[in-house]
1. Within the stretch 139-150, track down each residue that is more than 14 Å from Thr7 (Cβ to Cβ), surrounded by 15 or more Cβ atoms within 10 Å (Cβ to Cβ) and either free of Cβ contacts under 8 Å to residues at least 60 places away in the same chain or touching a Leu at 6+ places or on another chain (Cβ under 7 Å) (or both).
2. Have a look at Ala43, Ala32 and point out the one that is modelled with pLDDT of 95 or more, assigned to a strand (DSSP E or B) and small (Gly, Ala, Ser).
3. Which of the following residues is touching a residue at least 40 places away in the same chain (Cβ under 8 Å), under 14 Å from the mean Cα position of the chain (by Cα), buried (at least 16 other Cβ atoms within 10 Å of the Cβ) and farther than 26 Å from Thr88 by Cα: Val14, Val24?
4. Of the numbered conditions (1) farther than 18 Å from Trp48 by Cα; (2) buried (at least 17 other Cβ atoms within 10 Å of the Cβ); (3) touching a helix residue (DSSP H, G or I) at 6+ places or on another chain (Cβ under 8 Å), Ser136 satisfies every one except a single condition; which is it?
5. Is it fair to say Ser19 is over 30 Å from Ile124 (Cβ atoms), among the hydroxyl-bearing types (Ser, Thr, Tyr), touching a residue at least 40 places away in the same chain (Cβ under 8 Å) and surrounded by 15 or more Cβ atoms within 10 Å (Cβ to Cβ)?
6. Report whether or not Thr107 is part of a strand (DSSP E or B), in contact with a Ser or Thr (Cβ under 8 Å, 6 or more places away or on another chain) and either among the aromatic types (Phe, Trp, Tyr) or under 24 Å from Ala145 (Cβ atoms) (or both).
7. Among the residues of the stretch 48-84, write down those that are at pLDDT 95 or above, assigned to a loop (DSSP other than H, G, I, E, B) and either touching an Asp or Glu at 6+ places or on another chain (Cβ under 6 Å) or exposed (fewer than 11 other Cβ atoms within 10 Å of the Cβ) (or both).
8. With respect to Trp97, determine if the residue is modelled with pLDDT of 95 or more, in contact with a Ser or Thr (Cβ under 6 Å, 6 or more places away or on another chain) and within 21 Å of Met137 (Cβ to Cβ).
Amino acid sequence: MARFSSTNHSAAVVAAERSQVWEVLSDPKLLAELTPLVRTIEADGDTWVWHLAGIHGLGMEVAPVFTESMVFTPMERITYSHAPPPGTRERAGAAGWYELADAPTGTHLEIQITIHVVLPLPRISAPAVERIMAESMTRAGDAFARNLLSHLGA
């Protein structure tokens, strides 16, 4: 078993009020609907359990489920970190943040996410696995941006 990870960082100005963007990012059901690769997000207060759709590559499919501790600074920042329940081991997790700030034409939205998975593959396969992870994250991020803009009418 080896651990693999990939990070994606992006920023853009969204032509919408900050409160509208915040509403999407802080609503687990809506966030899941707009985010490709995410099937559902179960929220229990500041603990969110993310259920991802399957990601295919290297002859296998991975459909991780992982628990995140969410920290909300209203209208400004959401920080999240992997926090599996005591006594459990999750083979995937994420850490990152969303930041919102006013911009002249809307809301400046910056996102950073690092996802990790533990897979039954040798560590030497890291370049291929992490390339697939990065490509999947980029495609999902681009689609999330389109879905967000469409949802906000921006």
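The values are calculated or read from the model by the stated rules, or taken from the named source; none is laboratory data. From a predicted model like this one, the values you see are computed outputs, not experimental measurements. Note that each Cβ is placed from the backbone with ideal geometry, even for glycine, and that neighbours are counted across all protein chains shown.
1. Phe144, Asn147, Leu148
2. On the way: Ala32 fails: assigned to a strand (DSSP E or B).
One residue alone meets the criteria, Ala43.
3. Working: Val14 fails: under 14 Å from the mean Cα position of the chain (by Cα).
Going through Val14, Val24 in turn, the sole match is Val24.
4. (3)
5. no
6. no
7. Across the stretch 48-84, the qualifying residues are Pro74, Pro84.
8. On the way: modelled with pLDDT of 95 or more: yes; in contact with a Ser or Thr (Cβ under 6 Å, 6 or more places away or on another chain): yes; within 21 Å of Met137 (Cβ to Cβ): yes.
Judged against the criteria, Trp97 is a match.
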